[in-house]
Amino acid sequence: MGRFSVCLIIVTFLSFTACKKEKKMTLSKAMKIEVDSIYSMQLDSITDIADSICDLNYDAYFKKAKDSIKLQRLQEIEDIIDE
């Protein structure tokens, strides 16, 4: 069996299993509070990670944005001169 056939079988299987209706969950107040606190902790953790990645890459992002704006402005100036 080729890779394509295996991938096709997996995609077909996943598409059929995804069509089942899920049971509606009812959460108690205590469960909602617990879910909310877990979500908040995870969100804080993700925010910290994202902030540290931004701090590490800020200079590169700034340089790319600056270069992009510079190129765009130069093109606008050339268009005005050509008129």
Inset, instruction - Please give the length that would be gained between E34 and L74 if that part of the chain were fully extended, namely 0.36 nm times their separation in residues minus their C-alpha to C-alpha distance (nm, one decimal). - result: 8.9 nm
Inset, instruction - Please get the size of the charge dipole for the chain, origin at its Cα centre, with Cβ charges of +1 on Lys and Arg and -1 on Asp and Glu, quoted in debye to the nearest 20. - result: 980
Inset, instruction - Choose one answer from I49, I38, I69: the residue with the largest mean-square fluctuation in a GNM of the chain with alpha-carbon springs under 10 Å. - result: I69
Legend entry - Identified option (computed P(r) over Cα pairs in 5 Å bins from 0, in percent; candidates (i) 3, 13, 15, 14, 16, 16, 8, 7, 6, 1, 0, 0; (ii) 3, 10, 7, 7, 7, 8, 10, 12, 13, 10, 7, 5, 2, 1; (iii) 3, 16, 26, 23, 18, 9, 4, 1, 0): (ii)
Inset, instruction - Give me the distance in nm between label points sitting 7 Å out from Cα along the Cα-to-Cβ direction at T26 and T12, one decimal. - result: 4.1
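Every read-out reported here was derived from the displayed coordinates using simple, explicitly stated rules and does not represent laboratory data. Model, not experiment: these values are computed from the prediction. Ideal geometry is used to build each Cβ from the backbone, glycine not excepted, and the neighbour counts take in all protein chains shown.
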